[in-house]
């Protein structure tokens, strides 16, 4: 397969679903990534009738997410829960990028002072928005300027495909509002491990290796059974009618593929593609 740009890679997180001679595709996405998958995604979407995504990806809805994550009346600041060493490391990792930009891949940032850019950047933000702001800036600074979801969404629009969102923006905001603050702080405290973790995550994703993606990947605050398992069922119930018709493509975060594969098989689908590890028990 020929890829036109050096930053472009072959996407392996693709599974074919078949039932009653109707075929569709399931794509496990990375919301942030250092590479484009334009050629692979274009091939997946070329003959699709319906393309599904977790939730709305347009700028107006993204702005709603940001607005819900800002509470200017609160005295809370996420740095109050971190020690000085962690704050210094986080600031070192992202401050140079912050001085030049007031926006990142999905969330829009507010302007901040040069004296203390990172502190000012997340001031007035709820824990989850502060976290995603810090993390997104870190990834962008390190070349993670692509998103499988956004690239797929853009291509589906260009190809004039019917686009369906599996959750409303209100449901997605509710998920964010209920993320564990303890898990967010735990993740930020591991800032020294971020370089190794992102390298391993990228390697596992490019290989289409779900098992290693789980064991060696990022212990992300939203990748918890209480979040993943509940949404697996919601996604599946809402995409079923389109899968039954065939020629559908569903984009869901890679951590959802394991749980959704069980629901698909229980419903009579055969699945072909990269190995999907057995669903966790307990």
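The values are calculated or read from the model by the stated rules, or taken from the named source; none is laboratory data. Bear in mind the structure is a predicted one, so any value in this text is a computation, not a measurement. Neighbour counts are summed over all protein chains in view; Cβ atoms, including those assigned to glycine, are modelled from backbone coordinates with ideal geometry.
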**Request:** Among the residues of the range 207-234, count how many are under 15 Å from the mean Cα position of the chain (by Cα) and closer than 28 Å to residue 162 by Cα.
**Result:** 4
**Asked** Just checking, how many residues over the range 172-190 are under 14 Å from residue 69 (Cα atoms) and touching a helix residue (DSSP H, G or I) at 6+ places or on another chain (Cβ under 9 Å)?
**Response** 8
**Request:** With a cut-off of at least 1 residues that are over 16 Å from residue 166 (Cβ atoms), name the strands (runs of 3 or more DSSP E) lying wholly within the range 1-67.
**Result:** 14-19, 22-29
**Prompt:** Counting only residues that are out of contact with any helix residue (DSSP H, G or I) (no Cβ under 9 Å at 6 or more places or on another chain) and closer than 20 Å to residue 124 by Cβ, which one in the range 72-97 is surrounded by the most Cβ atoms within 10 Å (Cβ to Cβ)?
**Reply:** 74
**Fill in**
In the set 165, 131, the lone residue that is at pLDDT 95 or above, surrounded by 20 or more Cβ atoms within 10 Å (Cβ to Cβ) and on the phi < 0 side of the Ramachandran plot is 131
